[in-house]
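**Student:** Mind looking over this structure? Questions follow.
The values are calculated or read from the model by the stated rules, or taken from the named source; none is laboratory data. None of the values given here were measured: they were computed from a predicted structure. Cβ atoms come from the backbone with ideal geometry, glycine included; neighbour counts cover every protein chain shown.
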């Protein structure tokens, strides 16, 4: 059974640990829905159906053609995400009357963990950095089954047509799309079009009002980049969808809209235990106590037709039907 992090927090008796998980998932559209499966060991091997099987009609005496689908074994290897935080004992004793310094320190470290996880959940590239896992931009990479590229071959982003987003939604087969994720800039320009066209649609879900497109909740994420490189042919994933890290590698100014279906067979996280906080005690070299927050985590996409994306989009231009 797969739990979201918020549900896992309810099962924890460790007050600090539960608080850490609650801080981690707060106000993030992906983490609020992303389920996690617990695994034994340091990884989970699963088969990804890379091509669908075929069938056709035959006449009497015809030669039958083999059409078995193909699967590719893939392993979601757990990675170690975490960090240490030191709490000065003098400050704790003398300056905790206004703020709980321990709580403030833990909250700051949790914010750093969330930034790292969500950035790599979308843009992780294990070949570029063996310490991280492959993210959704790398795993959703089939122009046949789950990707609608709109950027041009000369690495130029293209203005969004909502018909292209609907095309990406239609690529999801056998599963119910749970969330459309985009950057806040992209959402602003989509909403500008929707207001002019007649209005924005909303739905009441989980005691809050959420925007919807085609009946699917929309989440604006701080972690979707508006400085992506545009590579229509997906030749090199190291330069598709990743913000340049060197000054001479200029950004193309593109963005991506993701359509996620969450579940154990779709898009989900995997972990060996949940986020834990370990008090390491007093340090020898300074008058402080150290706390370690760690998480053995990865993500996986078992069905390539359960999620999709529109990539190569110009996020700050006029949106069309």
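**Student:** Looking at the structure I just gave you, is residue 189 assigned to a helix (DSSP H, G or I) and either modelled with pLDDT of 95 or more or more than 17 Å from the chain's Cα centre (by Cα) (or both)?
**Tutor:** Numbers: assigned to a helix (DSSP H, G or I): yes; either modelled with pLDDT of 95 or more or more than 17 Å from the chain's Cα centre (by Cα) (or both): yes.
The answer is yes for residue 189.
**Student:** OK, next. Hey, among the residues in the range 201-217 that are free of Cβ contacts under 8 Å to residues at least 60 places away in the same chain and surrounded by 14 or more Cβ atoms within 10 Å (Cβ to Cβ), which one's nearest to residue 262 (Cα to Cα)?
**Tutor:** Result: 216.
Here is a yes/no grid of residues against (1) buried (at least 18 other Cβ atoms within 10 Å of the Cβ); (2) within 30 Å of residue 138 (Cα to Cα):
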| position | (1), (2) |
| --- | --- |
| 80 | no, yes |
| 84 | no, yes |
| 90 | no, no |
| 101 | no, no |
| 109 | yes, yes |
| 112 | no, yes |
| 123 | yes, yes |
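To keep it simple, each residue is scored yes or no on (1) touching a helix residue (DSSP H, G or I) at 6+ places or on another chain (Cβ under 6 Å); (2) within 20 Å of residue 253 (Cα to Cα); (3) at pLDDT 90 or above; (4) not in a loop (DSSP other than H, G, I, E, B).
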{"site": "129", "(1), (2), (3), (4)": "no, no, no, no"}
{"site": "138", "(1), (2), (3), (4)": "yes, yes, no, yes"}
{"site": "148", "(1), (2), (3), (4)": "yes, yes, yes, yes"}
{"site": "155", "(1), (2), (3), (4)": "no, yes, no, no"}
{"site": "167", "(1), (2), (3), (4)": "no, no, yes, yes"}
{"site": "173", "(1), (2), (3), (4)": "no, no, yes, no"}
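**Student:** Taking the conditions exactly as written (in a loop (DSSP other than H, G, I, E, B) and modelled with pLDDT of 90 or more), does residue 98 satisfy them or not? Don't jump to the end; show me each part of the working.
**Tutor:** On the way: in a loop (DSSP other than H, G, I, E, B): yes; modelled with pLDDT of 90 or more: no.
Here the answer is no, as residue 98 does not meet what is asked.
Here's the yes/no breakdown for (1) within 18 Å of the chain's Cα centre (by Cα); (2) in a loop (DSSP other than H, G, I, E, B):
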| site | (1), (2) |
| --- | --- |
| 30 | yes, yes |
| 44 | no, no |
| 47 | no, no |
| 68 | no, yes |
| 72 | no, no |
| 76 | yes, no |
| 103 | no, no |
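**Student:** Which residues, counting only those in the range 196-216, are closer than 22 Å to residue 255 by Cα and more than 24 Å from the chain's Cα centre (by Cα)?
**Tutor:** Scanning the range 196-216 gives a single hit, 200.
**Student:** Considering only residues that are in contact with a strand residue (DSSP E or B) (Cβ under 9 Å, 6 or more places away or on another chain) and outside any strand (DSSP E or B), look in the range 266-292 and name the one that is nearest to residue 79 (Cα to Cα).
**Tutor:** Initial filter on the range 266-292 (in contact with a strand residue (DSSP E or B) (Cβ under 9 Å, 6 or more places away or on another chain)): 266-283, 286-292.
Those left that are additionally outside any strand (DSSP E or B): 266, 272-275, 283, 286-287.
Numbers: 266: 20, 272: 10, 273: 12, 274: 13, 275: 13, 283: 27, 286: 30, 287: 31 Å.
If we take residues in the range 266-292 being in contact with a strand residue (DSSP E or B) (Cβ under 9 Å, 6 or more places away or on another chain) and outside any strand (DSSP E or B), then 272 is nearest to residue 79 (Cα to Cα).
**Student:** Return the pair list, or none, for Cβ contacts closer than 6 Å from residues in the range 263-292 that are on the phi < 0 side of the Ramachandran plot and free of Cβ contacts under 8 Å to residues at least 24 places away in the same chain to residues that are assigned to a strand (DSSP E or B) and surrounded by fewer than 19 Cβ atoms within 10 Å (Cβ to Cβ), at least 6 apart or on different chains.
**Tutor:** Hits for this filter: 278/292.
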